[in-house]
Amino acid sequence: MANTRLPVPAASESGDPLLLTPGPLTTSNTVKTAMLHDWGSRDAEFIRINKEMRERIAEAAGATGMHVTVPMQGSGTFAVEAMIGTFVPRDGKLLILINGSYGQRAKKICQYAGRAHAALETPEDTPPDIGKLDAALKADKAITHVFVVHCETTSGILNPVAEIARVVKSHGRRLLVDSMSAFGAIPIDAREVAFEALASSSNKCLEGVPGFGFIVCAKDALEKAKGNAHALSLDLHDQWQALENTGQYRFTPPIHAIVALHKAIEEFIAEGGVQGRGQRYRDNCKALVDGMRAMGFETLLPDRLQAPIIVTFHMPRDPKFHFQTFYDRLKDRGYVIYPGKLTVADSFRIGCIGRLYPEHIMGAVEAVRETIAELGVTQCGARKAA
C-alpha cells in the first residue's frame, strides 16, 4: 500500500509550540478531535474500539496469534513495571542491560518488587556488550530473563535487540523489551525476534496521547504468570483475563486516551505502518542532524548508533551559550526541545517524532540559527568535559 501523507500541523493553528521531544509529542488535529466525545467504559462501541486497538498493536509487532496486547493504565513506566513484575517469577532473576536512565529505572523497579537482579552496564553512548551478555548467561544459571531498552532516549542510541534476542534464546532464557520510544517506527517482529514481552506507550511513535501503556505478551508465558505480580493494579495476567472474559478493564480505563490511540493507529496504518512512519522519522532525523552540524553542533552518537527518535547534541563551548535562555527563545519561536540527561557529557536533546515532517525540522533548525545569532554564540563545537 502506498504511504499517505497525513495532515501537517502548524504551530500557528493552535498557538501551541511544536514538541521536539520524545513524548508527549505533537499530535494530529484528528487525534485530538477523537477525544471530544464521552464514552462509557462498558459501552459496546468502546469495547469494540479497545479490542481493535489491541489487535492492531499486536499486528504492528508481527505478533498476531501467539501474542496478546494487554493495556495498562498509567505512564509507560507502569507498563514496564507491570511487565517485570508479571513475567519475572518471584524466584526468578533478571539480567538488566543498562546504558542509560531507563535501564537504571528497571533496576529500581526490581528493588521495589523484590526481584533478584544483576546488571551489565556500558556508558550511555555505547551499546550492550554481546560477548559479556553471552558470558553472563553461561556463568549464572539463576538468570531467567534479560531486560533491554530498544531505544535508550537518554542518548538516543539504538540498541541491537535482534542480536541480543538471539543470544538470550540460545541460552534458553527469555527476553523483556522496553520499546517505549521505538515501537511503531523501528521494526521489531515477534516472528524473528524472540521476546516474551514488549512494553510501549500510547504517546510515542504511534502518536497518541499520554494515559496508558501496553505490553505485547507471549500468550503461553502470560498463562503461566498467574500469581507472579507484586501489585494488584500491575497484574498483567489478571488484566488480560478480565479483558478476555468481559471485554472490560478491572478498573477505570483512560477512555479518551484509548479512543485517541485507536484513531492514531488508523493514521499510522494509512501512513504505511512501521515502514512509513519510520521513514518519515528518518527523514526528520537527517534534516535535523545535517542542519545542526552545518552550524557546528556536534552529535553525541555516530550515525551508525543513532536511532531516528531523539538526537543528543553536545553543549556548545562558547561561553555565551546558556541552555535555559536558548530553550526559552526557541519556545518563543514555537519549538520545545529537551534538556540533556547524560552523565558522560553536557548536552541537550531534540526529538524527531510526533506529527512532524522535515519542513518542521528545518524550521526548528532555522530557529536555532536565529537564536544563537541573537545570543552572540559563534562556537557551537562541543564543550570540553570538566
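Remarks
- Matching option when the condition is at pLDDT 95 or above, closer than 22 Å to Gly114 by Cβ, crowded, with 20+ Cβ neighbours inside 10 Å and not assigned by TED's automatic domain parsing to the domain that holds Leu301, among Ile215, Ile164, Ile157: Ile215
- Helices (runs of 4 or more DSSP H) enclosed by the stretch 1-106 - at least 2 residues per element that are modelled with pLDDT of 95 or more: 29-33, 44-60, 76-87
- When residues of the stretch 274-325 are limited to those that are in contact with a Pro (Cβ under 9 Å, 6 or more places away or on another chain) and aromatic (Phe, Trp, Tyr), the one surrounded by the fewest Cβ atoms within 10 Å (Cβ to Cβ): Phe323
- The stretch 367-382, residues that are touching a residue at least 60 places away in the same chain (Cβ under 8 Å) and surrounded by fewer than 18 Cβ atoms within 10 Å (Cβ to Cβ): Arg369, Thr378, Gln379, Gly381
- Yes/no for Asp283 being modelled with pLDDT of 95 or more and not β-branched (Val, Ile, Thr): yes
- Test: Arg383 is in contact with a strand residue (DSSP E or B) (Cβ under 8 Å, 6 or more places away or on another chain) and not assigned by TED's automatic domain parsing to the domain that holds Gly15: yes
- Looking only at the stretch 223-265, residues that are over 22 Å from Val209 (Cα atoms) and either outside the structural domain of Phe78 (by TED's automatic domain parsing) or β-branched (Val, Ile, Thr) (or both) come to 1 in all.
- Of the residues screened, Ser155 is one that is of a type outside the set (Phe, Trp, Tyr) and under 27 Å from Ser101 (Cβ atoms).
- When the stretch 197-211 is filtered for residues that are surrounded by fewer than 24 Cβ atoms within 10 Å (Cβ to Cβ) and not small (Gly, Ala, Ser), the ones remaining, listed by number, are Val209, Pro210.
- Residue, surrounded by the most Cβ atoms within 10 Å (Cβ to Cβ), within the stretch 111-152, restricted to residues that are among the acidic types (Asp, Glu) and closer than 21 Å to Arg304 by Cα: Glu152
- Against the conditions (1) within 23 Å of the chain's Cα centre (by Cα); (2) loosely packed, with under 15 Cβ neighbours inside 10 Å, Asp91 satisfies every one except (1).
Per-residue answers, yes or no, for (1) without any contact (Cβ under 8 Å) to a residue 60 or more places away in the chain; (2) assigned by TED's automatic domain parsing to the domain that holds Leu158; (3) touching a Ser or Thr at 6+ places or on another chain (Cβ under 8 Å):
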position	(1), (2), (3)
Leu300	no, no, yes
Leu305	no, no, no
Met315	no, no, yes
Pro319	yes, no, no
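- Which listed residue, of Ile84, Ile109, is within 17 Å of His230 (Cα to Cα), assigned by TED's automatic domain parsing to the domain that holds Asn203 and touching an Asp or Glu at 6+ places or on another chain (Cβ under 8 Å): Ile109
The values are calculated or read from the model by the stated rules, or taken from the named source; none is laboratory data. Fair warning: this is a prediction, and the values are worked out from it, not measured in the lab. Glycine also receives a Cβ, built like all others from the backbone with ideal geometry; neighbour counts cover every protein chain displayed.
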